[in-house]
Amino acid sequence: MLSKSNYLKGLQCPKLLWVTIHRKEELPETDIGTQYMFDQGTSVGKLATKKFPDGLNIPTENFKGNLDNTKKFLKFRKPLFEPAFLVDNLYSRADILVPVEDDLWDIVEVKSGTKLKEVNIHDVSFQKHVYQKAGLKIRNCYVMYINNKYVRQGELDLEQLFIMEDITKDVENISEGLEKRIKEMFEIIKAENMPELSIHMKCDDPYKCPIEECWDMDENNVFELYRMGKKAFELYDDGVVEMKDIPEDYPLSEKQEIQLKCALKGETHIEKEKIKEFMENWEKPLHYLDFESFQTAIPMFDGVKPYEQIPFQFSLHVRKKHHGFLYKGDKDPRKEFWDKLKGKLGEKGSIVVYNASFEKNVIKGLGGLFGEEEIAEELNNRIVDLLVVFRNFWWYSSKQKGSASLKNVLPAVTGKDYSGLDIADGQTASVAYLSVTYGDGSDKEKVYADLEKYCSLDTEGMVWVVGKLNEL
């Protein structure tokens, strides 16, 4: 059987399709971030059905029951949610099938993204092909996705939240060669051996491939080079896998040259004068600040757009003293967050953050929301971005593997890291917080304690890094 999801995998990579069919147990479990996006998609899909109040939900728990009920429900000529079709070993389940004039149907595919993507058109083209083989007459095809300009005020306005785009012509165009592609995929599925295929540009397009063995390379390989992109694949295709094998006359950027030199010699590149010039204008007392936030496809509170960052926690180190805030209520956390933050930042002293655009945008948004734009502007004018030192390669160690993220910089500079923490990254922090604060997640107090440890380490880590830089 070739399902819609496996068809899309086959488009991305024949090896991925084969492994999914023959060695699925070897694929890693879905990570917490990907699972969260799946859950967001499920929530958006359920909400979208409310635009069709007379629609009928077809139970999906039982595979055969779903197929049998679909045949029965088609006779009612009402919008159908999750109808499934299996014909000629092709399987597809629609988000929404809408009856239109005579005996025609429209396909409505619901996505939790904020724009139409090519993969969505391939998705619907496969659906249409299966439904027509099953005897349905398809009139138009639509993709319904999120309007990221919508601002919630009161009850959700579904007409404003969703954009419905007609992709009928796009589906028609992209369906050329569809049957040939399907035939080739069945040949892949039937094959005893996995297809031999090198890594390529589509390995993470449109989705990150879970097959890890393809990337089994030694460290200091060409894919670790800073912002190499397409060039890394070109080198790889030419047989150049390790940095040491890159030809001397190969054109690299200044930062890539620094990284290559450090990798080959195992040394650290330091430009003391540039670091000193950057840091000497910082005003004491230094305030080391970090935020945690979450975002949802469906706005939870008034004044919120889809996927808008909602801050719920901050960590602040000032004069070796730590101040923390974590919202533990069940409403909108922003007012309490903003009031606590203003009270702790005082009126003077540089505010040290890592990747300033995030904190600045949150502060600007909060100032606008509560009519305190001037306060927000004053706070943002005090912000200095520690990332600048490492993004500009003024300090670079081969241990960073081309990355300037704090997770890579902290161990390279200080020898300390995030190991031993139950929550050790922002995505896990957001999902865990949402689960215990607004959902039915368990171990609330433990999660809150883990969040406080994690966020505190982000700011304490900056204190340690700046201390090491000062020693220079």
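The values are calculated or read from the model by the stated rules, or taken from the named source; none is laboratory data. Predicted, not measured: the structure shown is a model, and the values here were computed from it. Positions of Cβ are backbone-derived with ideal geometry, glycine not excepted, and every protein chain shown enters the neighbour counts.
For segment 62-95, the set of residues classified as assigned to a helix (DSSP H, G or I) and among the β-branched types (Val, Ile, Thr) consists of 70 only. The single condition from (1) at pLDDT below 95; (2) among the basic types (Lys, Arg); (3) over 21 Å from residue 391 (Cα atoms) that residue 265 fails is (3).
Residue-wise test of (1) free of Cβ contacts under 8 Å to residues at least 40 places away in the same chain; (2) closer than 13 Å to residue 401 by Cβ; (3) surrounded by 17 or more Cβ atoms within 10 Å (Cβ to Cβ).
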{"residue": "205", "(1), (2), (3)": "no, no, no"}
{"residue": "213", "(1), (2), (3)": "yes, no, no"}
{"residue": "219", "(1), (2), (3)": "no, yes, no"}
{"residue": "224", "(1), (2), (3)": "no, yes, yes"}
{"residue": "229", "(1), (2), (3)": "yes, no, no"}
{"residue": "233", "(1), (2), (3)": "yes, no, yes"}
{"residue": "237", "(1), (2), (3)": "yes, no, no"}
{"residue": "240", "(1), (2), (3)": "yes, no, yes"}
{"residue": "247", "(1), (2), (3)": "yes, no, no"}
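Return yes when residue 347 is in contact with a helix residue (DSSP H, G or I) (Cβ under 9 Å, 6 or more places away or on another chain), surrounded by fewer than 20 Cβ atoms within 10 Å (Cβ to Cβ), modelled with pLDDT under 95 and not assigned by TED's automatic domain parsing to the domain that holds residue 45 and no when it is not. When the stated conditions are applied, residue 347 passes them. For residue 277, the requirement of being under 28 Å from residue 394 (Cα atoms), free of Cβ contacts under 8 Å to residues at least 60 places away in the same chain, assigned by TED's automatic domain parsing to the domain that holds residue 396 and in a helix (DSSP H, G or I) is met. Out of the residues in segment 93-123 that are in contact with a Lys or Arg (Cβ under 9 Å, 6 or more places away or on another chain) and of a type in the set (Lys, Arg), which is nearest to residue 40 (Cα to Cα)? Of everything passing the filter in segment 93-123, 111 is nearest to residue 40 (Cα to Cα).
When the helices (runs of 4 or more DSSP H) confined to segment 337-450 are screened for residues that are under 23 Å from residue 325 (Cβ atoms), those reaching at least 2 such residues are found at 356-369, 373-381, 406-414, 426-438. For residue 128, the conditions (1) touching a Cys at 6+ places or on another chain (Cβ under 9 Å); (2) part of a strand (DSSP E or B) are fulfilled apart from (2). For segment 15-34, the candidate set comprises residues that are out of contact with any helix residue (DSSP H, G or I) (no Cβ under 8 Å at 6 or more places or on another chain) and assigned to a helix (DSSP H, G or I); within that set, the residue that is modelled with the highest pLDDT is 22. Screening segment 35-61 for residues that are in contact with a strand residue (DSSP E or B) (Cβ under 9 Å, 6 or more places away or on another chain) and part of a loop (DSSP other than H, G, I, E, B) and picking the one that is surrounded by the most Cβ atoms within 10 Å (Cβ to Cβ) gives 58.
Among the residues of segment 151-164, some residue qualifies, meaning at least one is closer than 30 Å to residue 302 by Cβ, outside any loop (DSSP other than H, G, I, E, B) and not hydrophobic (A, V, I, L, M, F, W, C).
For the condition in contact (Cβ under 8 Å) with a residue 60 or more places away in the chain and either on the phi < 0 side of the Ramachandran plot or not assigned by TED's automatic domain parsing to the domain that holds residue 112 (or both), what is the one hit in 209, 141? Reasoning before the result, please.
Values: 141 fails: in contact (Cβ under 8 Å) with a residue 60 or more places away in the chain.
The unique qualifying residue is 209.
Checked against (1) surrounded by 15 or more Cβ atoms within 10 Å (Cβ to Cβ); (2) within 17 Å of residue 461 (Cα to Cα); (3) of a type in the set (D, E, K, R), residue 416 passes all but condition (1).
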